[in-house]
Structure formats: structure tokens, C-alpha cells
Amino acid sequence: MKQSKRGRILTAQDIKKHLQRIGREILKQNKSSDSLAFIGIRTRGLFLAKRLCEIIKKSEGKDIPLGEMDITLYRDDLNALLPHGKVDHTRVPFDINNKTIILFDDVLHTGRTVRAAVDHLIDLGRPKAIHLAVLIDRGGREFPIAANFVGKKINLPTQGEVRLKLKEVDGKDEAVVIK
């Protein structure tokens, strides 16, 4: 049996620092937060978006609308997922029309998840702009998609995997590479 090698690439403190920097970059790029809204892709993208909402609230005193997106029905491998998968519901409790949407995901790899999320967003309305924020960009795109805000970039071979763990889901914060 082949043994996998693990290596930690982000600690809890690293994750916090990257999120704080991403928050500053988002606010700097978007002069006014009035038309901003955050949407987290389930599961870990949602918790990253929630954390960023809290960071901005604490530093700027501004509430950013927050939504949650389930892209299961928009995936191009839906037939393989549905027999065992669970479909949750998207919750976007605000009008996305004319808003600058910051879409959050944990790890950007092929771009397929983001493509599905953009398709879903367009079905919900017509945002002014859609920007992507990811904690980790690991390369390996299959679609022409790039993140506007990135915590950490790494180059990882196709067979490698990045696993982000967040305390809300996994009991601790860290990112590890499994080769």
C-alpha cells in the first residue's frame, strides 16, 4: 500500500493573517462597501466568507451582506454525485442585482467549482461584478478562471491534494498538502 506524505502549508495563525490581508485588499479595491456582498461556496468557502464579514465588521464597523451557495446542481459531474450526494439549498437573503459579489472558495484548482458558482449566480440575477477570493490557489486550471484575491499560491502536481481544515467543520484550522 502506498503511503501518502503530508505537509502543513498553513497554520491557524497563517489562515487568520491571510484573511485579514484579503479583507484589506477587498476594501481597498472597492472604495465603498455599500454595493459589496459576500457569497461563500459550501462548505468551507462559507466559513471563510463569514470570518471575513467579522473581520470587516470589527475593523470598519460595516456589515457586509452574506449569502451561502450550494453548487451541487450546477456541477458538470452531477450524475456521479447525486446517487450518494446531498443537495442543500442556496441561501442568498439579498438582491444580487447591481452588487459587487465577492465569491469565496477554499481551494482553487481546476476552476470547475467556480464555473458552476458563476452559472448559479447568473441564474439569481445580474450582479455589477463577480470577484473570486480563495484562501489557496494550487494551480492546475481546466477553465480560464483566476482569483482576484488569494491568500497563498502554491504549485502542486495533479496527483497532489490540498485539504483545508476549519474549526467550524473540522475542529481545527490548518491546510495540508497530501502527495
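How about segment 125-145: which of its residues are open to solvent by 60 Å² or more (accessible area, probe 1.4 Å) and farther than 11 Å from G111 by Cβ?
Of the residues in segment 125-145, the ones open to solvent by 60 Å² or more (accessible area, probe 1.4 Å) are 126, 128, 141-142, 144.
R126, K128, listed by residue number.
Condition first: at pLDDT below 90, in a loop (DSSP other than H, G, I, E, B), touching a Lys or Arg at 6+ places or on another chain (Cβ under 9 Å) and open to solvent by 60 Å² or more (accessible area, probe 1.4 Å). Now tell me which residues in segment 42-89 satisfy that.
R75, D76
Please go through segment 113-166 and pick out each residue that is touching a residue at least 12 places away in the same chain (Cβ under 8 Å) and in a helix (DSSP H, G or I). I'd like the intermediate steps shown before the answer.
As a first pass, look at segment 113-166 and keep what is touching a residue at least 12 places away in the same chain (Cβ under 8 Å): 113-121, 124-164, 166.
Result: T113, V114, R115, A116, A117, V118, D119, H120, L121, L124.
Would you confirm whether or not segment 11-34 contains a residue that is touching an Asp or Glu at 6+ places or on another chain (Cβ under 7 Å), surrounded by fewer than 15 Cβ atoms within 10 Å (Cβ to Cβ), under 21 Å from L164 (Cα atoms) and modelled with pLDDT of 95 or more?
yes
The values are calculated or read from the model by the stated rules, or taken from the named source; none is laboratory data. These figures come from a predicted structure and were not determined experimentally. All Cβ positions, glycine included, derive from the backbone under ideal geometry; neighbour counts span all protein chains shown. Surface accessibility is based on the protein's heavy atoms, side chains included, excluding ligands, DNA and RNA. Shrake-Rupley method; radii C 1.70, N 1.55, O 1.52, S 1.80 Å.
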